[in-house]
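What follows is a short report on a single structure.
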Amino acid sequence: MIRFDAVTKRYPDGTVAVDELSFVAQSGQITVLVGPSGCGKTTSLRMINRLIEPTSGKIFIEDRDASTVSRTELRRGIGYVIQQAGLFPHRTIVDNVATVPLLLGQDKKKARARAVELLELVGLPAQMAKRYPAQLSGGQQQRVGVARALAGDPPVMLMDEPFSAVDPVVRAQLQQEFLRLQHELGKTIVFVTHDIDEAIKLGDRVAVLQVGGRLAQLATPAELLAHPADAFVAGFVGRDRGYRALGFADAGYLPLTDEHVARVGEDLRAASYVARDGWALVVDGDDRPLGWLALGGLPDEALAGQVTADLLNLGGTLASEAGTLREVLDAALSSPSGRGVVVHDDGSFAGTITASEVLVRIEARAKSIRPPIAEATK
Amino acid sequence: MNALWQYFRDDQSEILGWLRTTLWLAAAPVVVGLLISLPIGWAASRFRWSYPPLVTIAGLLYTIPSIVLFLVLPGILGTGILDPVNVAVALTIYCVALLVRVVADGLSSVSDATLAAASAMGYTNRQRLFAVQLPLAVPVIGAGLRVAAVSNVSLVAVASTLGVAQLGSLFTTGYNATKHGSTPILLGLVLFIVVALAFDGAILLGLRVLTPWRRAVAAR
């Protein structure tokens, strides 16, 4: 647990970066500090490992006052990941990762062996161990940064915009793997970002800070979207928060429609018999959906060939049965046939659902969770 | 070419002795100068206010004409006028003049993010300086070192006018003697160029050994 107790950072020129900040980052959870630039989120983070000293107030880590611990001892027990990874350019990947264990006086051979294990844990092949940071892509460097932070096996990790310098595709991938890793490791993480979407995706709890370093709201992502504390938070979480809130609503029971499916290699004519409204869903040998095949209005002679992968429309997203209403609605909205594809956990085809059917589900859910009028007007 | 070889063979033992003195005069000031410049340069990069005065004062040293320095030093150091130590000290001063800025700029060239990461990993300030900042400053410091080393070799030649026996003596011999014509001067020229190239090559080799990460990047 990390506890901020009325922490203030005032610079000599009078600028207040953080103003009487008090909050708790729970053990084993990801607490995201989010806010516009100048809100003091990075300053707050850096005060935890004392890269910056607070002007007043105290920060407790597992009930130990951070200011009473020597800086180096404190920092060796806290993992730190920064934007652009901040790797040491002159050290090989394996030595970068082994930094903290070596500082703690661990045997070199053991530290390196452990570092290679950590590389695999963050999804990097062991062959990369001997390379230098500049030989890796931005995304790979970021993974190394995470491995390095984990090497001392610290209970606490601080992450300062670790995924903001990579392209959106890699970022989404890194975020997914980060969540998987955290699921296994259960670290106490304080994560700084300026991106509210990232905050909502990763945070168990999200602290929204406003300029001048004041805490506007600390809440779970779902609560933040449903009940912003004030106009600043409402504005910051953005316009499409109603849609994004569906990302926290379990799909639950879905009235799926079964479809006759086509397979790659089949005659187009056979596929045209199973098509509905001119579209047939094509699946692979394990019944996993591959894409939609447009068969509407084709002249008879166009149906002479076979179903091949390059004929498929890949526009639709897939929703998992165990997913969220947001996924399901997106699957329906993005599907070229208008029928959203839902799959079982193993990826095999479960059924389709239209957007209007999803909306019925959303409205039914909204009614069931809306507070009674007397409660709401209190 | 034959005349050069002949001249060299005739005075072999004397010329080899001069070569040893020259190598020593060319190497020691660079090494000592670097050792002196490291703490001064570190201070200039660590305390920003001290950068302008330290670098300016160091730079001014270079404007002292070498002949003047060679002549003034015996008085200050209490050494004999022909003592090679005078030359070594003078050359050390010039190396410091060149290297303070180089060391300061090299240390400052290491990115703040890297330094912050090192601190956050739990390096003490001293550990961080020697394990992260200094190794990363090597390419910049090394480049400056090459300039200092080569300029130092050329100043050794100037020191021959003082009569300190070293390869530069070939030039003074050449100016005075007529028997061999310009042969000694030519031989001196060749040997100085060889010495300068050897030093430059040695530093370059040292840099390659110390900075394997730069080659790895270049090879990509």
query = (1) farther than 30 Å from residue A:244 by Cα; (2) at pLDDT 90 or above: which one isn't true of residue A:339, the others all being true?
reply = (1)
ask   = Yes or no: residue A:223 modelled with pLDDT under 95, among the charged types (D, E, K, R) and buried (at least 19 other Cβ atoms within 10 Å of the Cβ)?
value = no
key: helices (runs of 4 or more DSSP H) lying entirely in the range A:214-315 (those with 2 or more residues that are farther than 30 Å from residue A:35 by Cα)   = A:268-274
inquiry  = Here are the criteria: (1) within 30 Å of residue A:43 (Cβ to Cβ); (2) touching a Leu at 6+ places or on another chain (Cβ under 7 Å). Tell me which single one residue B:144 does not satisfy.
reply    = (1)
ask   = Of all residues in the range A:57-90, which are more than 9 Å from chain B (Cβ to nearest Cβ) and free of Cβ contacts under 8 Å to residues at least 60 places away in the same chain?
value = A:57, A:58, A:59, A:60, A:64, A:65, A:66, A:67, A:68, A:69, A:70
Flag for residue B:86 being more than 22 Å from residue B:142 (Cα to Cα) and exposed (fewer than 13 other Cβ atoms within 10 Å of the Cβ) = no
ask   = So which residues in the range A:91-146 are surrounded by fewer than 16 Cβ atoms within 10 Å (Cβ to Cβ), over 24 Å from residue A:160 (Cα atoms) and within 13 Å of another protein chain (Cβ to nearest Cβ)?
value = A:105, A:130
key: Residue in the range B:172-193 that is within 13 Å of chain A (Cβ to nearest Cβ) and surrounded by fewer than 14 Cβ atoms within 10 Å (Cβ to Cβ) present   = no
ask   = From A:176, A:140, which residue is more than 30 Å from residue A:23 (Cα to Cα) and part of a helix (DSSP H, G or I)?
value = A:140
ask   = If you check residue B:133 against the conditions, is it of a type outside the set (Asp, Glu), within 14 Å of chain A (Cβ to nearest Cβ) and either surrounded by 18 or more Cβ atoms within 10 Å (Cβ to Cβ) or under 21 Å from residue B:44 (Cβ atoms) (or both)?
value = yes
remark   = Here the residues within the range A:97-130 that are of a type outside the set (Asp, Glu), farther than 11 Å from residue A:144 by Cβ and in a loop (DSSP other than H, G, I, E, B) are A:98, A:104, A:105, A:106, A:125
query = Listed residues A:239, A:263, A:269; which is touching a residue at least 40 places away in the same chain (Cβ under 8 Å) and out of contact with any Pro (no Cβ under 8 Å at 6 or more places or on another chain)?
reply = A:263
note = Those residues of the range B:100-123 which are touching a helix residue (DSSP H, G or I) at 6+ places or on another chain (Cβ under 7 Å), hydroxyl-bearing (Ser, Thr, Tyr) and either surrounded by fewer than 16 Cβ atoms within 10 Å (Cβ to Cβ) or more than 10 Å from chain A (Cβ to nearest Cβ) (or both) amount to B:108, B:109
ask   = Which of the following residues is at pLDDT 80 or above and either out of contact with any Lys or Arg (no Cβ under 9 Å at 6 or more places or on another chain) or among the hydroxyl-bearing types (Ser, Thr, Tyr) (or both): B:163, B:168, B:188, B:144?
value = B:188
message = Looking at B:158, B:217, B:153 in this structure, which one is within 14 Å of chain A (Cβ to nearest Cβ) and modelled with pLDDT under 90?
response = B:217
key: Residue in the range A:307-342 that is farthest from the chain's Cα centre (by Cα), counting only those that are surrounded by 14 or more Cβ atoms within 10 Å (Cβ to Cβ) and within 17 Å of residue A:266 (Cα to Cα)   = A:307
Residues located in the range A:37-56, provided they are more than 14 Å from chain B (Cβ to nearest Cβ) and under 29 Å from the mean Cα position of the chain (by Cα) = A:37, A:38, A:39, A:40, A:41, A:44
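The values are calculated or read from the model by the stated rules, or taken from the named source; none is laboratory data. Note that the structure is a prediction, hence the values are computed from the model and not measured. When we count neighbours, we look across all protein chains shown, and the Cβ atoms used for this are built from the backbone with ideal geometry, even at glycine.
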